[in-house]
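Read the structure below first, then the notes.
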Amino acid sequence: MLAADARAGAVVVRSLPTDQVLGVGRPSLGGRAPVAAPGPAAGALRTECGNTVYPPSYDGARQWGGYPNGLIPPSAMCPLGAAGHSLRCDAAAAYRAMSAAYAGAFGGPLCLTDSYRTYAGQVRLYGEKPALAAVPGTSNHGWGLAVDLCGGVETFGTPQYAWMVANAGRFGFLHPSWADPGNGREEPWHWEYAGS
Ligand SMILES: [Zn+2]
């Protein structure tokens, strides 16, 4: 049987619990014209069964502007409103809007520990934390398209993390599935801009 399972947070296929079945019917809504399901608004990412659907631009290399990863000139990026932090300009504008919305909920902007990361910075981090850091030259931080957040977002299950899960998609940011709980490299703080 198909079941909307609240514990799994998904629609799942389960075996029929025959000892609990009181009756079986066939639901019908009668004849009417099909109605399309409402889609996401305001540039939000589509979700299916509770999971964010990544746009095609998210797959594969995220290279832009002809620059190598981690070697993007500062003049090609835009500030995030926090000291020294920058991203690609469309991602930066989306981040600033997201941070303003976050401030409306929590009274202060998003807490930011890392954004664009130079190639040299990636080499240094990989040397310090090879199990955690991306191979130098492959990090989405090196494309100016990822941020690491603090202030509560760095822990699964906090109100701040829940706010990001509920709202980041509206601004084109997502939490990549590899960083989700149980996927081997849990990084609640790592969020990526998925706009094209
Ligand atoms: Zn990160």
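So the values come out like this:
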quantity: Segment 106-193 - Kirkwood radius from inverse mean 1/r over Cα pairs (Å); calculated: 13.4
quantity: Euclidean distance of C-alpha centroids, segment 162-196 and segment 96-156, integer Å; calculated: 11
quantity: Full-extension gain in nm, Phe106 to Leu2, via 0.36 nm per residue minus C-alpha separation; calculated: 33.5 nm
quantity: Contact order relative to length of segment 85-196, as percent, for alpha carbon pairs under 8 angstrom and 6 or more apart; calculated: 25
quantity: Residues whose placed amide H lies under 5 Å from that of Asp114, excluding near-sequence neighbours; calculated: Asp148
quantity: Sorted by Cβ neighbour density within 10 Å, fewest at the top, the residues Tyr116, Tyr126, Tyr102, Tyr95; calculated: Tyr126, Tyr102, Tyr116, Tyr95
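Values in this text are rule-based calculations from the coordinates and carry no lab data. Since this is a predicted model, take the numbers as computed values, not measurements. Positions of Cβ are generated from backbone atoms using ideal geometry, with glycine treated the same way; all protein chains shown enter the neighbour counts.
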